[in-house]
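See structure below.
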């Protein structure tokens with residue numbers, strides 16, 4: 001049977017090319033792998049190999065011809081004793097037509113569904129609470145989940161024998177042993193990859209980065225390996241794991257140890273991103289993170305580790321992702337923040353109240369999925385919004401929130417949204433400069449006055 | 001250590017030789033067809049063919065047992081065929097269709113099969129190395145004796161994460177076989193142009209990892225070395241390195257004009273070292289099979305490949321709703 005040789009596409013973008021030279025002539029016998037012709041693409045001259053065996057029955061495009069379209073018949077191979085069919089036989093089927101390019105309508109984010117403005121309290125009023133530090137709450141969350149699920153383990157630098165660089169994993173080695181509380185060498189890229197592979201293999205790793213600054217060495221595995229595999233595998237396998245550690249500025253540790261990564265990770269489909277403020281947030285969200293079948297970025301803050309908050313005394317206290325918390329109700333202005341940013345937001349609200357401005361303060365807790373419903377409900381009531389975070393301004397979390405408000409509640413706004421962030425500079429070391437590089441409570445107060453025209 | 005000679009050993013059965021022949025030929029024919037479909041515009045983007053390297057995966061799969069895992073780079077078609085994934089599903093993934101292993105969302109470089117313990121298909125050079133060690137970690141953690149084959153190229157062997165992984169794999173005795181598929185070229189850069197320590201397996205010695213160099217054009221030599229490596233890992237002694245000297249006949253990807261080597265170099269390999277021809281000769285000279293027997297196998301494989309190609313054209317493009325699926329796994333209530 002005759003075989004048509006078609007002008008091949010030799011690069012992802014090639015539509016036509018020049019048939020520079022034939023290396024076979026009519027009557028030649030070719031077999032798989034023989035070079036038949038040289039073809040010039042937009043990038044290079046390529047050799048074109050035969051795939052089928054046969055005799056060159058007819059060359060249809062002369063060498064030197066320019067602008068030969070991909071899939072045009074350039075020659076015909078025949079078997080021995082076979083006649084050459086008439087030139088111009090029907091070309092092979094063209095690639096399937098692309099489907100009409102109207103993707104299904106989709107909300108702004110493809111993030112996992114967030115509950116719609118759920119403002120129920122995290123625990124019932126009659127539940128006993130106990131003052132607990134953020135540090136203890138994180139440890140307790142890991143210990144409880146490790147007790148209930150053998151597949152959960154903790155890996156990172158100094159997590160075991162040293163008891164944690166920031167003492168988050170204190171006592172875990174004693175209780176769970178070296179099999180499940182694993183000291184790694186200082187090798188973030190490598191152990192993030194190994195942990196991701198372990199998650200593919202069915203385990204539920206908790207990876208502690210001493211700080212998220214060092215996770216930049218590992219970000220390829222966090223994003224390319226952990227976040228994208230479920231999609232790339234058509235849903236067959238993913239990475240149920242938690243990447244956690246201190247994030248953002250601590251105190252006087254300079255530019256390379258003082259960066260907030262909230263906005264970076266929040267951008268990535270396939271990741272979930274949370275940032276607790278209180279000890280109750282830390283405990284409830286970390287337990288949820290460990291159980292979640294997706295990779296979760298859990299952003300802590302060194303300054304908050306020692307702060308104490310009421311945590312409910314319950315057998316199994318969890319906080320769902322995508323549920324913001326209204327920490328303080330008010331009618332005059334909405335302040336949206338998360339993590340350590342909440343300390344500025346709440347202090348400002350306190351002072352503003354003394355001046356007769358009642359701010360509603362929203363603690364986002366999870367950034368992806370984000371509870372935009374609670375933000376929008378509040379803005380529709382107060383008509384004004386100020387966002388507060390320590391990260392940089394361009395591409396900030398507040399910038400995203402501001403965009404959502406503009407698209408969903410434009411008509412409710414009585415003033416432009418103000419997005420307060422850390423300053424657009426690497427973190428300086430000098431004490432006075434560092435203080436200025438971060439936020440101040442006064443800046444929050446000033447912004448709230450500006451949007452309320454006071 | 002010089003490459004081990006592929007001796008036509010009397011203890012290799014006809015059945016085994018025929019099995020290797022069939023499996024390698026399937027990869028060769030499948031890849032030729034993929035190249036053809038790429039030329040027709042049915043396969044897009046990057047497409048890295050495995051032609052010439054068939055003995056590596058076929059030999060190592062012959063040393064594997066049920067439940068062993070494998071992970072590799074973007075040059076992954078051969079690995080998938082060798083571990084038993086359906087050619088139809090692979091070809092349909094190449095054409096970006098619903099019937100592909102990733103429903104058309106992964107493409108040539110990103111395919112997976114939980115059923116066959118194939119963990120991808122990774123596009124970032126060397127990223128699969130710690131991932132493979134992590135898979136081995138999961139088996140050790142669970143207390144079984146499964147082994148993970150972690151394949152990477154001579155190019156990947158210069159990435160830092162390989163050595164981070166060697167260090168931890170040996171430290172923790174992880175049951176992982178590191179298979180360096182040294183085909184001589186990292187895209188267009190030959191090994192000697194990228195390192196002054198060209199014996200790649202020997203770098204494992206810095207971490208205390210045992211290894212050896214293997215003739216990757218001989219499926220029997222690969223299988224034999226694979227068995228040594230697997231026995232080492234399965235017995236709890238930690239990782240093992242195989243540097244398999246192989247050769248790719250085609251360019252790095254479909255759009256590689258391959259000007260960094262001579263035509264003669266490629267032809268010489270094809271004429272003198274071809275892994276499929278070697279087995280073919282053994283089958284014929286050892287009178288294990290006749291020309292007609294082999295022709296029948298060729299025909300059968302051609303039919304399998306044509307069937308896969310037909311399926312890959314007929315399978316519909318994924319529904320547009322698929323754009324929004326598989327981003328997150330659902331949280332169990």
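Every read-out reported here was derived from the displayed coordinates using simple, explicitly stated rules and does not represent laboratory data. Keep in mind that this is a model prediction, so the values were computed, not measured. Virtual Cβ from ideal backbone geometry, glycine too; neighbours counted across all protein chains shown.
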| said: I want to check the label-to-label distance for residue A:432 and residue A:69. Put each point 7 Å from Cα in the C-beta direction and report it in nm to one decimal. | reply: 7.4 nm
| field | Separation in nanometres of the label points that stand 7 Å from Cα toward Cβ, at residue B:299 and residue A:358 | value | 8.9 nm
| message | Please report the spacing between the Cα centers of the stretch A:303-377 and the stretch B:251-289 in Å, no decimals. | response | 67 Å
| query | Residue separation times 0.36 nm, minus the C-alpha to C-alpha distance between residue A:253 and residue A:35: what's the value? | reply | 72.2 nm
| query | Relative contact order, percent, of the stretch A:10-86 when contacts are C-alpha pairs under 8 Å separated by at least 6 residues? | reply | 32 percent
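Which of rounded, prolate or oblate describes the stretch A:144-217 when judged by the alpha-carbon gyration tensor and an a/c cut-off of 1.5?
Oblate shape, in that a/c is at least 1.5 and b/c is the bigger or equal ratio.
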| task | From other protein chains only, count the Cβ atoms within 10 Å of every residue's Cβ in B:311-318, then give the mean. | result | 2
| query | Can you give me the relative contact order of chain A as a percent, contacts being Cα pairs under 8 Å and 6 or more apart? | reply | 12 percent
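Take the alpha carbon gyration tensor of chain B, find the square roots of its eigenvalues, order them as a ≥ b ≥ c, and report rounded if a/c is under 1.5; if not, report prolate when a/b exceeds b/c, else oblate.
The shape class here is rounded.
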| R0 = 30 Å: FRET efficiency of residue A:450 with residue A:394, Cβ-based, nearest 0.05? | 0.90
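Report the relative contact order of the stretch A:129-312, percent, no decimals, based on alpha-carbon pairs under 8 angstrom and at least 6 residues apart.
The value is 28 percent.
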| If you take the beta carbon distance between residue A:120 and residue B:320 as r and set R0 to 41 Å, what does 1/(1 + (r/R0)^6) give as a FRET efficiency, to the nearest 0.05? | 0.70
| Sorted by packing (mean other beta-carbon atoms within 10 Å per residue), highest first, where do A:354-364, B:142-152 land? | B:142-152, A:354-364
| How far is helix A:279-291 tilted, in degrees, relative to the longest principal axis of the Cα atoms in chain A, given as a value from 0 to 90 rounded to the nearest 10? | 30 degrees
| Most exposed first by the Cβ proxy, i.e. fewest other Cβ within 10 Å, how do A:168, A:297 rank? | A:168, A:297
| request: Can you tell me the equivalent ellipsoid semi-axes for the stretch B:92-139? Use √(5λ) from the Cα gyration tensor, largest first, whole Å. | output: 23, 13, 5
| query | Of the beta bridges DSSP finds with both residues in chain A, what % are antiparallel, to the nearest 5? | reply | 50 percent
| task | Would you please put B:193-204, B:98-109 in order of how densely packed they are, using the mean number of other Cβ atoms within 10 angstrom per residue and starting with the highest? | result | B:98-109, B:193-204
| Just for chain B, what percent of DSSP beta bridges are antiparallel, to the closest 5? | 10 percent
| field | Theoretical ellipticity at 222 nm over chain B - DSSP helices of four or more residues, -39500 (n - 2.57) apiece, nearest 500 | value | -13500 deg cm²/dmol
| field | Fraction of beta bridges assigned by DSSP in the stretch A:325-451 that are antiparallel (%, nearest 5) | value | 25 percent
| query | 222 nm [θ] for chain A, helices only, -39500 (n - 2.57) per DSSP H run of 4+, per residue, to 500? | reply | -7000 deg cm²/dmol
| Taking Cα atoms, how many degrees apart are the long axis of helix A:341-354 and the longest axis of chain A, rounded to 10 and kept between 0 and 90? | 40 degrees
| query | Cα centroids of the stretch A:181-259 and the stretch B:32-95: how far apart, whole angstrom? | reply | 29 Å
| query | Hey, with R₀ at 45 Å, roughly what FRET efficiency would residue B:331 and residue B:292 work out to, going by the Cβ-Cβ distance, to 0.05? | reply | 0.15
| request: Please report, in cubic angstrom per residue, the volume enclosed by the convex hull of the alpha-carbon atoms of the protein assembly as shown. | output: 177 Å³
| field | Cα gyration tensor shape for the stretch A:315-454, rounded if a/c is under 1.5, else prolate or oblate | value | rounded
| field | Helix axis angle, A:397-409 relative to chain A longest principal axis, alpha carbon, degrees | value | 90 degrees
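On average, how many beta carbons from a partner chain sit within 10 Å of the beta carbon of a residue in A:289-297?
2
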